[in-house]
Every structure is written in structure tokens, then in C-alpha cells.
Amino acid sequence: MNLRSLQPRCYPSPFDFSHLTLHTMPSSKSPTPSRQFDMIAFDWDGTLFDSTAIITRCIQLAVVDVGGRLPSEKDAAYVIGLGLMQALAHAAPDVAVEKYPELGARYKHHYLARQHDISLFDGVLPMLAALRTRNHVLTVATGKSRRGLNDALQKSELQGLFDGSRTADETADKPHPLMLQELMQEFGVASDRVLMVGDTTHDLQMALNAGCPSVGVSYGAHEPDAFTQLNPRFVAHSVADLHAWFLIHA
């Protein structure tokens, strides 16, 4: 592993956070003195949604459809969390650039045929509901497209749970910190009061680049051994494990 890639990367920020001496919150959120983090940003696939196996298979099928060599499950899973075209290009290095649009279309074809087989991990809804009662701002920072995330959020049980979100097609791909920077700007929260939760090194590297603490989850796309040098506060091995940590430390 290239250890240089595990250090915070310097990205020019479009925002000036020097005025954030107080952690101001939206008016609808009352102060909670014991709260350690004002905003919690969640990755989507592999963190809240049990979608890793289906996404991995869809990537493999799409690559083969356009004549590429079948990527291993490990290689296909590694790119989960990146923007779609960045992910597919990484998973299919032998596919010509001019075939990328077709590659993306084939991935979407396979994913749409299977998306109704994807569900939330057990325990996610009670966990999110508990965080809302503590007045955390809940957000999503995902490599999904805006259309894909909006479709998922249409599920009745998810409506009204999240205060904001950013997707890869409307900002920068992970691990660039722009997703988190924009959410911090939108809600007026400083980086040390934001917690990023995700299942990949892309999520934890994005948090590091943004100057935010992070928590990793081991039940998604990446092996937790890779998280260590990205300094997460905690690695949860189940949603129940994550929920219990939040109750004490968030």
C-alpha cells in the first residue's frame, strides 16, 4: 500500500471556515450540550444499504458486456463509493476510453434490474431515529448519482430522516473533500464537529482530507485492516455495534 496516499491531501477549498468560531446549527435543531458531533455524514451503499454484493456483480457484468476482462470480486468491490465512471474505469483498465459511456450504460442496466433486491441493513432505521432525537444533523455523502439517491430516498421509511446530501455527479468524487466541505458550509458546522461514517477507504480518506473525524464499518465493501492508517475513531462490525457507539461517543 502506498502510505503517501493515506495522508491528508491538500485540496483548495472554495469556502472560508475562519468565521466558524461557534458551531451554529439550523434553527430547527435545539442545542444538545452532551453531543460530540453536530453533523453525522453517512455513506450510502455498504454503510446503510446492503448493496455491496449486487453492485459488485453489476460491475463485473458490465465490464464483460463491453468486452473487458472479468474483474475479480475484490477489484470490483474496491471501487464502490467512487463516482460511477471513475469506478468503472478503475475496474476495467483494459476497456478503451471510447467505450466508457457504453460501460456506464451497461452497469445501470444491470443495477436497475436488481435494485429492488437491495434493502437497508437491519437496525438502520432505529439508529437514525435515535440520532434524530439527539438533534444531530443527518446527511448523506455518496458516490451514487443524484437520481439514484433520490430514488432510494423515496422509500416511505426514509422520508424526512436526512437533512441534506451530496452525490458524486453534483460535486467532486471521493476522496476529494468537497462533498463534506459543501455540507459543512450548508449547515454551518466546523470540521471537528462533523463525523463521517463509511465502509470504504475512500470514505475515510475523504474525511481525513476534510479534517473530519471518521468511523469505519467492516460489513461493507472494504476489508477493515485497510482502515487502520486512516485513523477512524472506531470500526463497527455491525449496525448494532455502530448504534451502541453512537449512544456513548456521538
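The values are calculated or read from the model by the stated rules, or taken from the named source; none is laboratory data. In this text, all values refer to a predicted model and were calculated from it rather than measured experimentally. Cβ sites come from the backbone with ideal geometry, for glycine too, and all protein chains shown count toward neighbours. For accessibility, only protein heavy atoms count, side chains too; no ligands or nucleic acids. Shrake-Rupley method; radii C 1.70, N 1.55, O 1.52, S 1.80 Å.
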| field | Total residues in segment 195-225, condition touching an Asp or Glu at 6+ places or on another chain (Cβ under 8 Å), among the aliphatic types (A, V, I, L, M) and open to solvent by less than 10 Å² (accessible area, probe 1.4 Å) | value | 3
| note | When Asp192 is run through (1) of a type outside the set (Lys, Arg); (2) open to solvent by less than 50 Å² (accessible area, probe 1.4 Å); (3) in contact with a Cys (Cβ under 9 Å, 6 or more places away or on another chain), the failure sits at (2)
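Just to be sure I understand, how many residues within segment 208-230 are outside any helix (DSSP H, G or I) and either free of Cβ contacts under 8 Å to residues at least 12 places away in the same chain or within 17 Å of Ala41 (Cβ to Cβ) (or both)? Talk me through it step by step, then tell me what you get.
We begin by selecting, within segment 208-230, every residue outside any helix (DSSP H, G or I); these are 211-223.
Then keep just the ones that are either free of Cβ contacts under 8 Å to residues at least 12 places away in the same chain or within 17 Å of Ala41 (Cβ to Cβ) (or both); that gives 211-217, 220, 223.
Looking only at that region, the number is 9.
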| query | Of everything in segment 102-141 that's modelled with pLDDT under 90 and outside any helix (DSSP H, G or I), which residue is nearest to Thr52 (Cα to Cα)? | reply | Ile118
| remark: Condition set under 23 Å from Leu128 (Cβ atoms) and β-branched (Val, Ile, Thr), scope segment 160-207, selection farthest from the chain's Cα centre (by Cα): answer is Val189
| request: Looking only at segment 145-153, decide whether some residue is touching a helix residue (DSSP H, G or I) at 6+ places or on another chain (Cβ under 9 Å), outside any loop (DSSP other than H, G, I, E, B) and surrounded by 15 or more Cβ atoms within 10 Å (Cβ to Cβ). | output: yes
